[in-house]
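Below is one structure; the comments refer to it alone.
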Amino acid sequence: MLDEARRLQIDELRLNRAEELLEITFKSRALLRRALTHPSAVMDLADSFTQFSLIGDAVVVQTVAHHVRDLRADATSALHFVKDHQIISIEENTASRENLSKVASDRSMGSLLFLPPELEKARSELHIDLLRKALCGVIGGLQEDQGPEVASAKAWSWLLMDFNKRIAYYAAGRASVRRIAVSKCVELARKKYGASTFECREALAPGEKGSRHFVISVYYAGRLLGVGKASSKQEAKQRAAINAWANKSTWPD
């Protein structure tokens, strides 16, 4: 009886840690446990994340596609700085297995799973694709627990930073676009913060083969808006503007 009580206590601590690391709150603890349970740890696959993982994978694809459509319709979106074939690449890579695996690894999914005894000792060596399936399982479980809007919003919160980085990467490669980004940032910042000027704080960072890169942090009215890194000051400033524009929804008040 004591062993069972101890096991339940450990399970509860793991569920609490999962909600903390994943920044989620499930109404049903049973659904959360199922979303974190490896198929080999239960007799019935229906008690594992298997089905939830398929649902979560579909949620991710639909969520990314939905946001791409919305951003294409938004005339102020940084996505308009990117060519059509690059947008397709951004959409595919954001929802790719590789990217989801990285997100899962960054969120320490391996430490949160309920595993069979034979895998428990190898917890730190779990295959990264298994972590991806578990992450999608959490998204699918969240949809079951709280509906598609909540699940989609959580999935997007995990993918947004990478999505914006991809936009900034492609947009920064076009000189005309970089100039547009600078002017648009100035215009938007003046509307948001009033009359002021950009302040570029400069630093040096190690580059490839012993070279140096300039790191420019762009501030407007004392607020950090974006950061850019390049081999020249001008390029770094323009990339900082691209970064600021791609993340304009997160500018401080």
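The values are calculated or read from the model by the stated rules, or taken from the named source; none is laboratory data. These figures come from a predicted structure and were not determined experimentally. Glycine also receives a Cβ, built like all others from the backbone with ideal geometry; neighbour counts cover every protein chain displayed.
For the stretch 127-159, give me each residue that is in contact with a Leu (Cβ under 7 Å, 6 or more places away or on another chain) and without any contact (Cβ under 8 Å) to a residue 40 or more places away in the chain. Residues satisfying the conditions are Arg132, Val150. For Leu32, the stated conditions hold: it is touching a Phe, Trp or Tyr at 6+ places or on another chain (Cβ under 8 Å) and touching a residue at least 12 places away in the same chain (Cβ under 8 Å). When the residues of the stretch 15-33 are narrowed to those that are surrounded by 14 or more Cβ atoms within 10 Å (Cβ to Cβ) and either part of a loop (DSSP other than H, G, I, E, B) or not assigned by TED's automatic domain parsing to the domain that holds Ala151 (or both), which ends up modelled with the highest pLDDT? Looking at the filtered set, the residue picked out is Phe26.
If only residues of the stretch 164-191 that are part of a helix (DSSP H, G or I) and of a type in the set (Lys, Arg) are counted, the one that is modelled with the highest pLDDT is Arg166. Across the stretch 36-57, the qualifying residues are those that are β-branched (Val, Ile, Thr) and in a helix (DSSP H, G or I), and the one among them that is nearest to the chain's Cα centre (by Cα) is Ile55. Of all residues in the stretch 212-229, which are among the β-branched types (Val, Ile, Thr) and modelled with pLDDT under 80? Across the stretch 212-229, the qualifying residue is only Val218.
Results for (1) under 28 Å from Thr250 (Cα atoms); (2) surrounded by 14 or more Cβ atoms within 10 Å (Cβ to Cβ), shown as yes or no for each residue.
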residue: Thr63; (1), (2): yes, yes
residue: Thr94; (1), (2): yes, yes
residue: Arg97; (1), (2): yes, no
residue: Glu118; (1), (2): no, no
residue: Leu142; (1), (2): yes, yes
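Within the stretch 58-110, restricting attention to residues that are assigned to a loop (DSSP other than H, G, I, E, B) and β-branched (Val, Ile, Thr), the residue that is farthest from Cys185 (Cα to Cα) is Val82.
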